[in-house]
Amino acid sequence: MTEEYTPPKVWTWDKENGGRFAKINRPVSGATHEKALPVGEHALQLHSLGTPNGVKVTILLEELVELGIEEAEYDAWPINIGEGEQFGSGYVEINPNSKIPALLDRGTTPPTRVFESGAILVYLAEKFGRFLPTEPSQRAECMSWLFWQMGSAPYIGGGFGHFYAYAPMKIEYCIDRYAMETKRLLDVLDKALDDRRYLCGDEYTIADMANYAWFSALVLHNAYDAAEFLSVDTYQNVIRWAKELEERPGVQRGRRVNCPWGPEEWRVPERHSMADFGEV
Ligand SMILES: N[C@@H](CCC(=O)N[C@@H](CS)C(=O)NCC(=O)O)C(=O)O
């Protein structure tokens, strides 16, 4: 057991919490420094990082490009969240919440800013009329799984990942609570995929992209070094679905964009055209 903590009447910020992200965490929002964002030649300007929240958007953009939609070509710029680049004034203008990803669409007048990865997926799917069913009940199913993922991520990343991998001490209560929830979520997904190929049936949608980004990290890529701890091999339907998605060229390219991890030659720190993948 850890030392008992008695909260004061009013919380004040008088020390860093010592965790891996202590230096960038603050209890207030807004810019910490002046910094304009770079601008590329395409209408769509994405500012992001290759985390699951970033990758779900680059997967959708690459899937759109894969369909031959030229207007979906985009510039993707890295935001180094470890160095606090999410608090630059230009970034805060397009995302007052200072988290990656954020999109600026300069193809509209005035330009459209979109923050929150789920909102970006819906915006792009609607703009290009792809990967989001239009029939109301199919659309409701897709939105349900998309919002389910958006609600789940803080339990997986902010809860389980934080306390299992990043917190300065291992607290059994917190790890138990979030491991239980993460396994419950994996079980929800596993059961949903028992009788269908994709989350909405036969149609591949933004709900698959969003959920793939988070759950493939757990079941295929040993996120938080926790594959054994979470017994991820129990979730065979999730593994089958994630492996199938990972075969897709759009998914393979989307995973590489703005990614600061993995083999050097695999990473695509900035993306401006297909040539950045070394394929053209
Ligand atoms: N709900 C947001 C969450 C985004 C998020 O948490 N992004 C993380 C990286 S995965 C981030 O930017 N962290 C930086 C920080 O907390 O300062 C979304 O889905 O867009």
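Figures for the structure shown
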{"quantity": "Subset of segment 133-152 that is buried (at least 18 other Cβ atoms within 10 Å of the Cβ) and within 14 Å of Y204 (Cβ to Cβ) - its residue that is nearest to the ligand (Cβ to nearest atom)", "calculated": "L146"}
{"quantity": "Y155 being over 16 Å from the mean Cα position of the chain (by Cα), under 16 Å from L230 (Cβ atoms), within 16 Å of the ligand (Cβ to nearest atom) and assigned by TED's automatic domain parsing to the domain that holds L218", "calculated": "no"}
{"quantity": "Exclusive hit being within 28 Å of L67 (Cα to Cα) and either more than 13 Å from the ligand (Cβ to nearest atom) or not polar (S, T, N, Q) (or both), set L218, L193, L185, L230", "calculated": "L193"}
{"quantity": "Complete set of residues in segment 241-262 that are at pLDDT 95 or above and either in contact with a Lys or Arg (Cβ under 9 Å, 6 or more places away or on another chain) or in a loop (DSSP other than H, G, I, E, B) (or both)", "calculated": "W241, E244, E246, E247, R248, R253, G254, R256, V257, N258, C259"}
{"quantity": "Pick from segment 23-48, criterion among the hydrophobic types (A, V, I, L, M, F, W, C) and surrounded by fewer than 24 Cβ atoms within 10 Å (Cβ to Cβ), ranking: modelled with the lowest pLDDT", "calculated": "I24"}
{"quantity": "Which listed residue is more than 27 Å from D225 (Cα to Cα) and touching a residue at least 60 places away in the same chain (Cβ under 8 Å), from P133, P168", "calculated": "P133"}
{"quantity": "Pairs, first under 21 Å from H272 (Cα atoms) in segment 74-89, second assigned to a helix (DSSP H, G or I), C-beta under 6 Å, six or more apart", "calculated": "Y74/L61; I79/E85; I79/Q86"}
{"quantity": "Enumerated strands (runs of 3 or more DSSP E) restricted to segment 59-132, each holding at least 3 residues that are within 14 Å of the ligand (Cβ to nearest atom)", "calculated": "112-115"}
{"quantity": "Members of segment 173-187 found to be free of Cβ contacts under 8 Å to residues at least 40 places away in the same chain and within 16 Å of L146 (Cα to Cα), listed by number", "calculated": "L185"}
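The values are calculated or read from the model by the stated rules, or taken from the named source; none is laboratory data. These figures come from a predicted structure and were not determined experimentally. FYI the Cβ positions are ideal-geometry reconstructions off the backbone, even for glycines, and counts take in every protein chain you see.
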